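> Questions regarding the structure given below will be posed in turn.
The values are calculated or read from the model by the stated rules, or taken from the named source; none is laboratory data. What you see is a predicted model; the values in this text were computed from it and never measured. Positions of Cβ are generated from backbone atoms using ideal geometry, with glycine treated the same way; all protein chains shown enter the neighbour counts.
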Amino acid sequence: MSTESVVVEARSLTKVYADLRRGEFVALDDLSFSASAGEVFGLLGPNGAGKTTALRILSTVLQPTSGSACVNGFDCVTQPSMVRHHIGFMSANTAVYDRMTAWEMVEYFGRLYGMEDDRLHDRMESLFDRLQMQAIRDLLGAKMSTGMKQKVSIARAIVHDPPVLIFDEATSGLDVLVARALLDTVAELRDQGKCIVFSTHIMREAERLCDRVAIMHRGKILAEGSVAGMLAEHQGADLEDVFFSLIQDQDQEPVAS
Ligand SMILES: Nc1ncnc2c1ncn2[C@@H]1O[C@H](COP(=O)(O)OP(=O)(O)OP(=O)(O)O)[C@@H](O)[C@H]1O
């Protein structure tokens, strides 16, 4: 990976939550990774590994306790509005408003990004065609299926044509057909040169889609590389094997206090 093409960079990110029950809880522990244009970088980890925390820092919703992150050359802490213009964010919980139609919702987000109506409407027509959303154009959010809502969420995340896309467990709760359509869309976006950071705990998804992956556990990266490289290095038949053996090894080590 050449350093010139790096678009997303996390450097020594640490996040400590003040947790009432657990006291200070280290959710990210000196986490570093980078992702380039034209690649899907997968953050893989079990529940609680810290994936969402890392992606929320990248999308400027959370601030790190220490370390830094930048997107397209903009610092996530000191230049949050520039960062927000250069990313699209989508998670399984991205909400769709009940009382707006698909068209109104995507239009609303395009306007929030400051797009002029002519450019916005041209872009929306092509997005609604590409994501096969013309049939639900005038359907209210309240009447949409989960799959329809996910399409609206994708459209609103990419309406401003950002160079970086962040997907946090985006296929969670989707049936296989809708999940596959979402993965195909992500692959298409990668082929258009977007930089994609994609978190999941589904190993098959990562094998199919990701150019490089990092396996996270307890806020740290345990291994990182191409899927083929990881299989060779850790002698696993598939990514699930590698994942299990890395996590098991780590769980046998005492947690540093
Ligand atoms: N606001 C918070 N206060 C205290 N602890 C938190 C907070 N948010 C997250 N955590 C803890 O930080 C750890 C990492 O959580 P995070 O949601 O980033 O993990 P994740 O890898 O995305 O997991 P999941 O797949 O379950 O969403 C977990 O132990 C979680 O309980």
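> What is the number of the single condition among (1) within 16 Å of the ligand (Cβ to nearest atom); (2) surrounded by fewer than 22 Cβ atoms within 10 Å (Cβ to Cβ); (3) in a helix (DSSP H, G or I) that ARG204 does not meet?
Exception for ARG204: condition (1).
> Suppose we filter ILE136, ILE154, ILE196 for residues that are in contact (Cβ under 8 Å) with a residue 24 or more places away in the chain, more than 16 Å from the chain's Cα centre (by Cα), crowded, with 20+ Cβ neighbours inside 10 Å and away from the ligand (no atom under 16 Å from the Cβ); which single one remains?
Exactly one of ILE136, ILE154, ILE196 is in contact (Cβ under 8 Å) with a residue 24 or more places away in the chain, more than 16 Å from the chain's Cα centre (by Cα), crowded, with 20+ Cβ neighbours inside 10 Å and away from the ligand (no atom under 16 Å from the Cβ), namely ILE136.
> When the range 13-26 is examined, which residues are found to be touching a residue at least 60 places away in the same chain (Cβ under 8 Å) and either charged (D, E, K, R) or under 17 Å from THR200 (Cα atoms) (or both)?
Hit for the range 13-26 is LYS15, nothing else.
> Still on this model: For the range 39-57, give me each residue that is touching a helix residue (DSSP H, G or I) at 6+ places or on another chain (Cβ under 8 Å) and either surrounded by 22 or more Cβ atoms within 10 Å (Cβ to Cβ) or modelled with pLDDT of 95 or more (or both).
Across the range 39-57, the qualifying residues are GLU39, VAL40, GLY42, LEU43, LEU44, GLY45.
> When you scan the range 16-28, do you find a residue that is among the hydroxyl-bearing types (Ser, Thr, Tyr), farther than 22 Å from MET115 by Cβ, away from the ligand (no atom under 16 Å from the Cβ) and surrounded by fewer than 19 Cβ atoms within 10 Å (Cβ to Cβ), even just one?
no
> Another question, then. Considering only the range 37-85, state which residues are more than 14 Å from the ligand (Cβ to nearest atom), touching a residue at least 40 places away in the same chain (Cβ under 8 Å) and assigned to a strand (DSSP E or B).
GLU39, VAL40, PHE41, SER66, GLY67, SER68, ALA69, CYS70, VAL71
> Considering only the range 164-186, state which residues are at pLDDT 95 or above and more than 20 Å from ALA102 (Cβ to Cβ).
Those that are at pLDDT 95 or above and more than 20 Å from ALA102 (Cβ to Cβ): VAL164, ILE166.
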